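Heads up: the structure comes next, in structure tokens.
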Amino acid sequence: MEDFDKIKTRVVGIDLNIVYTTYAIVDIRGELVAQDRFLTMDYPDVNDFVGTLAERIVMMAEENGGYDTIRSAGISAPSGNYMTGCVENAANLPWKGVIPLAAMLRDRLGIAVALANDGHLTAVSEITFGSARGMQNFITISISHGGLGSCVYVDGRAHLGVHGFAGEVGHTCVEEGGRLCDCGRRGCLETYCSAKGIVQTAEELMAESSEPTLLSEQSELNFVTIAECCDKGDPLAIEAYRRVGFRLGIGLATYASLFNPEAIILTGAMTQAKHWLLGPLRESFNEHVFPNIRGRVRLLVSLLKDGERDVLGASVLAWTVKEYSLFK
């Protein structure tokens, strides 16, 4: 009997962010077979980073069924361009300029590699596995350590724009001459509505006020400790989250007024602050959104785990790239 070709049933999903690079083997059903991570900033030289990542992927694959079961890999990265496979001028990563990351990893692994923006792949993950399942028009917003990421789906497809950079709502100017952004401009939305942004807001409030605050007693100010101070009734902490929620509500109201989505899905670590952030955000959104769609756009919080969402999105991307192997 003639043998039939066998399909490979696993891919690698990679989530690259400013803190960790997470990589996982994902099977054909979207189940995580194995997962690990390492510190991104430990590798200021991108060649060392790619070499380490490739070695770790091969080792993980060999320990979990063999490297020959892996079809392809997908990478989720800040400032990643799906059209070029490059990370282009990422504000928050240690490597500057245009980095052909997909090609570099492909040459190390010997298999097909695709790359896309982390905001794009968050949306891919949500429509495949999460809260956007069944939707045709929606927006995802990621509020995290790296900044404020976004993607908009129109008629069932991600809208990437002519050059692949649509959806950069975090780099829209909301304050002329405002805070300096890592992109080099001033007043970007993400300088106010991100993990770094709320810390700066809290520090500004402390500098402006003479009243005692639990914020000054924290060994480290971050979005978690600020939320904990909110839970204890600290007025300045509550005001810090109110200001972030208010500004973000205005930004999302503008976004919704332009695209009229079914829903806006909030993702990222800062959603853990729950009502301290989401309450002011919803109130501001309803105040500023175009009246004809007020009450008709759902504001949702992602049901997917932060540590898995972009890895899963990257794995979906991996299945879309044409199969290629140096080993055939």
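The values are calculated or read from the model by the stated rules, or taken from the named source; none is laboratory data. Bear in mind the structure is a predicted one, so any value in this text is a computation, not a measurement. Every residue, glycine as well, gets a Cβ built from its backbone with ideal geometry; the counts of neighbours run over all protein chains shown. Surface areas here come from the heavy atoms of the whole protein model, side chains and all, with no ligands, DNA or RNA. Shrake-Rupley method; radii C 1.70, N 1.55, O 1.52, S 1.80 Å.
As a length-normalised measure over Cα pairs under 8 Å and 6 or more apart, the relative contact order of the chain settles at 20 percent.
Ordering of 302-312, 185-195, 89-99, 202-212 by packing is 185-195, 302-312, 89-99, 202-212, highest average first (other Cβ atoms within 10 Å, averaged per residue). Each listed q (0.11, 0.14 Å⁻¹) maps to a log10 I(q)/I(0) for the range 8-77, found by the Debye formula over equal Cα scatterers with no solvent: -0.24, -0.39. Here the range 52-116 is treated as an ellipsoid with the same Cα gyration tensor; its semi-axes, largest first and in whole Å, are 24, 12, 9. Ranked by the mean number of other Cβ atoms within 10 Å per residue, highest first, peptides 274-281, 108-115 order as 108-115, 274-281.
Would you mind classifying the range 202-328 by shape? Square roots of the alpha carbon gyration tensor eigenvalues, ordered a ≥ b ≥ c; an a/c under 1.5 is rounded, otherwise it is prolate if a/b is larger than b/c and oblate if not. Oblate, because a/c is 1.5 or more while a/b does not exceed b/c. Using Cα springs under 10 Å in a Gaussian network model of the chain, which residue among Asp107, Asp15, Asp118 shows the largest mean-square fluctuation? Greatest mean-square fluctuation among the candidates belongs to Asp107. The residues of the range 257-328 expose, per residue, 56 Å² of accessible area to a 1.4 Å probe.
For the range 210-268, relative contact order (Cα pairs under 8 Å, six or more residues apart, normalised by length) works out to 23 percent. Taking every DSSP beta bridge that has both ends in the chain, the antiparallel portion is near 60%.
Between helix 195-208 and the chain there is an angle of about 20 degrees, using the helix long axis and the longest principal axis of the Cα atoms. Across every direction, the projection of the convex hull enclosing the Cα atoms of the chain has a mean area of 18.8 nm². Taking label positions 7 Å along the Cα-Cβ direction at both Glu228 and Arg294, the computed distance is 3.9 nm, reported to one decimal. A 1.4 Å probe run over the protein chains yields, for the range 31-131, 39 Å² of accessible area per residue, whole-number rounding.
Of all accessible surface on the range 37-121 at a 1.4 Å probe, what whole percent is carbon and sulfur? Provide the component values of the computation, followed by the final result.
Values: 1620 of 3340 Å².
Here it works out to 49 percent.
Once you list every other residue whose beta carbon is under 15 Å from the beta carbon of Leu160, what net charge do they have if Lys and Arg are +1 and Asp and Glu are -1?
Working: positive: Arg157; negative: Glu88, Asp118, Asp155, Glu168.
Result for the local shell: -3.
Here is how the number arises for the chain: DSSP H runs of 4 or more residues each give -39500 (n - 2.57), the sum is divided by the residue count, and the result at 222 nm is -11500 deg cm²/dmol. Nonpolar atom fraction for the range 245-307, defined as the carbon and sulfur part of the 1.4 Å probe accessible area, stands at 55 percent. You can think of it this way: the chain between Ser216 and Ser325 has 33.7 nm of extra reach, that is 0.36 nm per residue less the Cα-Cα gap.
Computed over the alpha-carbon atoms, the range 1-151 gives an Rg to Rh ratio of 0.99, Rh here being the Kirkwood radius from the mean inverse distance.
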